[in-house]
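The values are calculated or read from the model by the stated rules, or taken from the named source; none is laboratory data. Because the structure is predicted, anything quoted here is derived from the model rather than measured. Note that each Cβ is placed from the backbone with ideal geometry, even for glycine, and that neighbours are counted across all protein chains shown. Remember, those area values only see protein heavy atoms, side chains included, never the ligands or the DNA or RNA. Shrake-Rupley method; radii C 1.70, N 1.55, O 1.52, S 1.80 Å.
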Amino acid sequence: MRTKILLTLLLCACVSCAQVSEGLEKTKVYQGFSGGMMLHTGCLFGRDSHAPLTPSGRSTSPQGGLIGIGGALRVHLWKHLRTGFEGFVSTMPSGMTDCHDILKPGSYVRVGCGGALADCCWRLEKAWPYIGGVIGGGSMKGLYILEGDENSWAQDANSTFHKQSFFYVTPYVGCDYCLTRKVHITFRLDWMLAFHHHELTMPTGPRLYLGFMFCH
């Protein structure tokens, strides 16, 4: 009796393995690629330790809203995996910061970053929800003008410019809406975590994206 049960289980296991192997052989590794441009907006948190202080001792390290543009290119592998690269430039002008009453027009914080991405995507009929992350690096430039005017060529001693590199990790979730088989509108929400000298630093915060993706 036990021998019959073992033989039956062994037969079932062999059939299952054969079906899995057949399915893997039918699944192509390369499933195409996609790429496009995305606009984004969001917020930056954290403090720039190199930002100057006002005569009263108030910090001018800005926090606030940002706007930017960038793009991404993905290669589609197997049924759900997508991997590739992306890059973005974001700017936080003085008028969108919490220090807008101190910083003069022309002040800004600008972030440029790029890295490798990977996500898991489910290809439904009209929607492609996805979840993934990015690992990369970038730099943040900050120009803080406390006196004078951005259009003036006069020398101003009360301004500071600082550039800082950083490593970042960004988890994200999003969804593509399929206008056609080859043209998608993508919506994405992420949260950048920037590190400098092993410490969480500015720029850190959420961003919301809207863009067009072209699939091939």
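Please go through the range 117-148 and give me each residue that is more than 20 Å from the chain's Cα centre (by Cα), open to solvent by 10 Å² or more (accessible area, probe 1.4 Å) and either under 27 Å from PHE161 (Cα atoms) or charged (D, E, K, R) (or both), ordered by number. Please lay out each step first, then the result.
Going through the range 117-148, the residues more than 20 Å from the chain's Cα centre (by Cα) turn out to be 123-127, 142-148.
Remaining after also requiring open to solvent by 10 Å² or more (accessible area, probe 1.4 Å): 123-127, 143, 145-148.
Scanning the range 117-148 gives ARG123, GLU125, LYS126, LEU143, ILE145, LEU146, GLU147, GLY148.
In the condition set (1) open to solvent by less than 10 Å² (accessible area, probe 1.4 Å); (2) farther than 11 Å from TRP128 by Cβ; (3) in contact with a Phe, Trp or Tyr (Cβ under 8 Å, 6 or more places away or on another chain); (4) not hydroxyl-bearing (Ser, Thr, Tyr), ASP176 is compliant with all but (2).
Looking only at residues that are part of a strand (DSSP E or B) and under 15 Å from ARG123 (Cβ atoms) in the range 186-216, which one is modelled with the lowest pLDDT? Spell out the reasoning first.
Of the residues in the range 186-216, the ones part of a strand (DSSP E or B) are 186-196, 199-215.
Cutting the leftovers down to under 15 Å from ARG123 (Cβ atoms) gives us 186, 213, 215.
On the way: THR186: 97, MET213: 96, CYS215: 93.
Applying the filter and picking the extreme gives CYS215.
Considering only residues that are small (Gly, Ala, Ser) and farther than 17 Å from SER159 by Cα, look in the range 101-116 and name the one that is least open to solvent (accessible area, probe 1.4 Å). Walk me through how you get there before you give the answer.
Step one: list which residues in the range 101-116 are small (Gly, Ala, Ser), which gives 106-107, 112, 114-116.
Next, only the ones that are farther than 17 Å from SER159 by Cα stay: 112, 114-116.
On the way: GLY112: 27, GLY114: 28, GLY115: 12, ALA116: 47 Å².
Within the range 101-116, the match that is least open to solvent (accessible area, probe 1.4 Å) is GLY115.
Within the range 72-100, the residues that satisfy the criterion of being over 18 Å from LEU210 (Cβ atoms) and buried (at least 22 other Cβ atoms within 10 Å of the Cβ) are ARG82, MET92, SER94, THR97.
Looking at the structure I just gave you, is GLY35 open to solvent by less than 80 Å² (accessible area, probe 1.4 Å), farther than 17 Å from GLU86 by Cα and under 21 Å from the mean Cα position of the chain (by Cα)?
Numbers: open to solvent by less than 80 Å² (accessible area, probe 1.4 Å): yes; farther than 17 Å from GLU86 by Cα: no; under 21 Å from the mean Cα position of the chain (by Cα): yes.
Judged against the criteria, GLY35 is not a match.
Among residues that are in a strand (DSSP E or B) and not small (Gly, Ala, Ser), ARG110 is included. Every condition in (1) out of contact with any Leu (no Cβ under 8 Å at 6 or more places or on another chain); (2) closer than 22 Å to ILE67 by Cβ is met by VAL183 except one, and the failing one is (2). Note on the range 26-57: residues that are over 19 Å from VAL111 (Cα atoms), modelled with pLDDT under 90 and outside any loop (DSSP other than H, G, I, E, B) amount to 2. Filtered by the rule that a residue be open to solvent by less than 50 Å² (accessible area, probe 1.4 Å) and assigned to a loop (DSSP other than H, G, I, E, B), the range 58-71 gives THR60, SER61, PRO62, GLN63. Considering only residues of the range 88-106 that are without any contact (Cβ under 8 Å) to a residue 40 or more places away in the chain and in contact with a strand residue (DSSP E or B) (Cβ under 6 Å, 6 or more places away or on another chain), which is farthest from THR41 (Cα to Cα)? Filtering first and then ranking leaves ASP98. Can you find a residue in the range 155-170 that is assigned to a strand (DSSP E or B), at pLDDT 85 or above, over 19 Å from LEU44 (Cα atoms) and more than 18 Å from the chain's Cα centre (by Cα)? Checked the range 155-170: no residue is assigned to a strand (DSSP E or B), at pLDDT 85 or above, over 19 Å from LEU44 (Cα atoms) and more than 18 Å from the chain's Cα centre (by Cα).
With respect to HIS80, is the statement that it is in contact with a helix residue (DSSP H, G or I) (Cβ under 7 Å, 6 or more places away or on another chain) and modelled with pLDDT under 95 true? Criteria not met by HIS80.
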